[in-house]
Each structure stands twice: as C-alpha cells, then as structure tokens.
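The values are calculated or read from the model by the stated rules, or taken from the named source; none is laboratory data. Here the structure is a predicted model, which is why all the values come from computation and not from measurement. As a convention, Cβ positions derive from the backbone with ideal geometry for all residues, glycine included, and neighbour counts pool all protein chains shown. For the accessible areas, the whole protein counts, side chains as well, though only heavy atoms, and no ligand, DNA or RNA atoms are used. Shrake-Rupley method; radii C 1.70, N 1.55, O 1.52, S 1.80 Å.
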Amino acid sequence: MAVTNYTDESFFELTNIEKSPFSFLRLFNILLDEDRTTTFLNIFRSYIFNDDIFNNISFFETYTVSHGEYWDNVSYNLYETPYLWWVIALLNNIENPFEQLEAGDQLIVLIEDYIYQLTSDLEKIAEN
C-alpha cells in the first residue's frame with residue numbers, strides 16, 4: 001500500500017464527526033491510499049517540541065503526580081478537561097502514554113493561560 005497524497009477533505013467531511021479543538025486527532029493529517037478512494041489518518045506522524053521552547057520557563061510549571069492518577073486525571077486537574085492529556089505526554093517526551101504514572105513523578109506542564117494559544121495553533125496545523 002503506497003500513500004500518494006493528502007486529501008483536501010476535512011475529517012468532518014469524511015466522517016460527519018466534529019472534532020473538539022482539544023482533539024488529539026487534529027495532529028494527524030488525512031492521507032489517501034494509492035487507489036485514491038481509501039482515506040486514513042497518519043497516526044505515525046511524530047511531533048517533537050523544539051528544545052528552544054523549554055528555554056522560556058514562564059510557559060511551564062511542574063506537576064507532581066498523585067497516587068492512582070492517570071494522564072486524563074492530570075489533564076482534568078490542570079485544564080478542566082481530560083482531553084489534553086496528550087499535550088502533557090508530548091511535553092514530557094513520553095513514547096508510551098499507556099504506561100502508568102507513578103506517584104511522585106514530576107511532569108512539565110503548560111501553564112493554563114497558554115492552552116488557548118496551543119489549540120489555536122492546532123487549528124492552523126489542521127488547515128495545512
């Protein structure tokens with residue numbers, strides 16, 4: 001199976017499902033198979049934060065994981081939504097977010113005031 005192109009159709013046009021501005025799916029572009037009729041999300045697309053972003057510590061704070069917390073709990077505690085867990089995982093270079101968090105783990109988290117900017121930037125990425 002060879003990928004030939006990206007489709008111009010949006011996720012909504014293809015599925016009739018509206019993605020939340022917080023959706024992890026916004027990170028993945030929609031590809032067309034060589035038959036040009038089969039569409040799929042490129043879930044293998046990687047995102048790595050530029051190291052320079054970590055030089056401005058005013059964007060971040062640390063969060064100490066409590067016993068029994070999972071990624072979605074941390075997200076809810078910080079941003080009042082469980083759907084931004086992936087932002088925390090990306091910031092902490094987590095390759096497998098299905099691994100359990102350990103009580104006492106220190107996570108780098110984006111200060112809540114910058115979440116709007118992030119979701120706005122994701123909208124721009126989704127348009128490209």
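Summary table
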| quantity | calculated |
| --- | --- |
| Test: residue in the stretch 67-83 that is open to solvent by 60 Å² or more (accessible area, probe 1.4 Å), at pLDDT below 90 and within 13 Å of LEU110 (Cα to Cα) | no |
| Looking only at the stretch 88-103, and only at residues there that are farther than 15 Å from TYR70 by Cβ and at pLDDT 75 or above, the one that is surrounded by the fewest Cβ atoms within 10 Å (Cβ to Cβ) | ASN93 |
| Any pair with Cβ under 9 angstrom, 6 or more apart, that starts in the stretch 88-117 at a residue that is free of Cβ contacts under 8 Å to residues at least 60 places away in the same chain and in a loop (DSSP other than H, G, I, E, B) and ends at one that is open to solvent by 50 Å² or more (accessible area, probe 1.4 Å) and of a type in the set (A, V, I, L, M, F, W, C) | ASN92/ILE108; ASN93/ILE48; ASN93/PHE49; PRO97/TRP85; ILE111/PHE59 |
